[in-house]
Amino acid sequence: MLVFVKLGGSLITDKHKEMSFHQASVERLASEIRAALDGNPDLKLVIGHGSGAFGHFAAKRYNTTAGVHSADQWRGFAHVATVAADLNYRVANVLAAAGLSIWRIQPSASAICEDGVIKGMALHTLEQALEHDLIPLIYGDVALDTVRGGTIISTEKLFTHLVHHLPVKRILLLGEVEGVYDDRGQVIPEITPASYPALAPFIAGAAGVDVTGGMSAKVQDMLKLVQALPEITVHILDGKQPDLLRRALSTDQPIPFGTAIRHV
């Protein structure tokens, strides 16, 4: 079974403090991934992570998401790519230290967008990684854009593109909240395209700096994904809860915690 896992930027960094890195959190998550793989040799993973306190601060400074045209904006574009890769390097080292066979794959090296939507990306590297039991590690990054010049691509947008090309059935998005909350502060167990309009006013953005729209954008991106591919279920989970990731990766049954986003 192929599962996509996102380690959210709010989980692996402090999005209120530029260039902060929560190494201990990543070490714990790495050990849970290792335990899940040890218990299920048939499990295959693509791991992605947000840019958190690294890319989001720089991208906000240059308004990179909206477009890249001037010389200063192009310098900013390059800077965002550098700090995003810095965080990816740190995450990769921690995952590798846990015994995971990680292959860092830089999205901006091949991704092409059209007005913020990924239209193409090299897939052969990811396919070869999975074929040889390696774990591709991707991340929120910059990308060239035929309309905007350049833009930001979140991990959710990368997943949305890749699900059309890889046989994934489940996506786990780990952040620092228990799931998606309603207006009473209770976790919404399930969101579907039919239920979303009534819930949308209560789904907030992100705490801290997030140029990709936070929880609201995450939910909307994932709803589009499950509408296009109804066989996929997305789970928004609390990555701060010890052993939760291992439990989620160790079952092919419905996950009884967090928020599930599905077609029906």
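No lab work stands behind these numbers, since they all come straight from the coordinates. Quick caveat: nothing in here was measured; it's all calculated off a predicted structure. All Cβ positions, even for glycine, are placed from backbone atoms using ideal geometry, and neighbour counts span all protein chains on display.
Taking every DSSP helix (H) stretch of at least 4 residues in the chain, weighting each as -39,500 (n - 2.57) and dividing the sum by the residue count yields a mean residue ellipticity at 222 nm of -11500 deg cm²/dmol. Sorting 180-186, 102-108 by average packing, meaning the other beta carbons within 10 Å per residue, from highest down gives 102-108, 180-186. Near residue 157, which aspartates and glutamates are there with a Cα under 19 Å away, not counting those fewer than 8 places off in the same chain? Partners within reach: 114, 115, 127, 141, 145, 210, 221, 231. Taking one quarter of the surface of the convex hull spanned by the alpha-carbon atoms of segment 100-213 gives a direction-averaged projected area of 9.0 nm². In this structure, residue 184 and residue 231 have a Cβ-Cβ separation that, at R0 = 30 Å, corresponds to a calculated FRET efficiency of about 0.40. Stretching residue 224 away from residue 82 to a fully extended chain increases their span by 48.1 nm, per 0.36 nm per residue minus the current alpha-carbon distance. With a Förster radius of 35 Å applied to the beta-carbon distance between residue 101 and residue 194, the computed FRET efficiency rounds to 0.30.
Cross-linked pairs 17/119; 17/44; 44/224; 17/169: Cα-Cα separations exceed 29 Å for 17/119; 17/44; 17/169. How large is log10 I(q)/I(0) at q = 0.12, 0.16 Å⁻¹ when the Debye formula is applied to the Cα atoms of segment 2-261, each weighted equally and without solvent? For segment 2-261 at q = 0.12, 0.16 Å⁻¹, log10 I(q)/I(0) is -0.66, -1.25. Here the chain carries DSSP beta bridges of which approximately 30% are antiparallel, counting only pairs with both residues inside.
Summary of the geometry: segment 55-105 and segment 126-186, compared by the centres of their Cα atoms, lie 15 Å apart.
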